[in-house]
Amino acid sequence: MKTILVIDDHQGIRNALADWLTLQGLHALTAVNGAVGLSLMGYHQPDLVLCDLIMPVMDGLETLRALRHDPHIRHTPFWLMTATFDLDQFSAEAQLEIDGLIKKPISVDDLNNALGEIV
């Protein structure tokens with residue numbers, strides 16, 4: 001069973017995504033911020049990470065940088081979720097390291113595109 005890690009500071013979004021992923025036959029893990037998410041990745045090595053951009057403690061880009069510097073999880077597909085959907089706001093380095101962007105509010109089509117990377 002594929003494991004998806006959802007990192008978002010909004011409990012409603014985390015729960016809704018986890019419920020939807022479970023209905024798709026996937027194992028969903030959730031984290032309230034990037035620091036907690038990275039800790040979970042050390043134990044579970046998810047097949048895909050869906051991560052909010054703007055969060056307290058450790059935001060999405062900080063999480064991405066830390067993930068890409070860890071040899072055990074650096075190749076994990078990482079999709080950033082954001083209400084601001086403009087690639088130009090990200091550095092060239094971040095643009096290369098993000099596997100995809102999901103615009104909020106999140107659509108099922110966008111989720112299926114992200115999941116297409118692992119199924």
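When the residues of region 55-71 are filtered to those that are more than 12 Å from the chain's Cα centre (by Cα) and assigned to a loop (DSSP other than H, G, I, E, B), the one that is surrounded by the most Cβ atoms within 10 Å (Cβ to Cβ) is MET55.
Can you find a residue in region 46-53 that is of a type in the set (D, E, K, R) and crowded, with 21+ Cβ neighbours inside 10 Å? Yes, that holds for at least one residue. Taking region 39-54 as the search range and keeping residues that are of a type in the set (A, V, I, L, M) and part of a helix (DSSP H, G or I), which one is nearest to PHE78 (Cα to Cα)? Across region 39-54, the extreme among qualifying residues is MET41. Tallying residues that are in contact (Cβ under 8 Å) with a residue 40 or more places away in the chain and polar (S, T, N, Q) within region 20-79 yields 3. Residue count for region 19-38 satisfying the condition of being over 12 Å from the mean Cα position of the chain (by Cα) and either acidic (Asp, Glu) or part of a helix (DSSP H, G or I) (or both): 7. Are any residues in region 72-113 assigned to a helix (DSSP H, G or I), surrounded by 12 or more Cβ atoms within 10 Å (Cβ to Cβ) and at pLDDT 90 or above, and if so, which ones? Selection gives ASP110, LEU111, ASN113.
The values are calculated or read from the model by the stated rules, or taken from the named source; none is laboratory data. Since we're looking at a predicted model, the values are computed, not measured. So basically every Cβ, Gly included, is an ideal-geometry build from the backbone, and we count neighbours across all protein chains shown.
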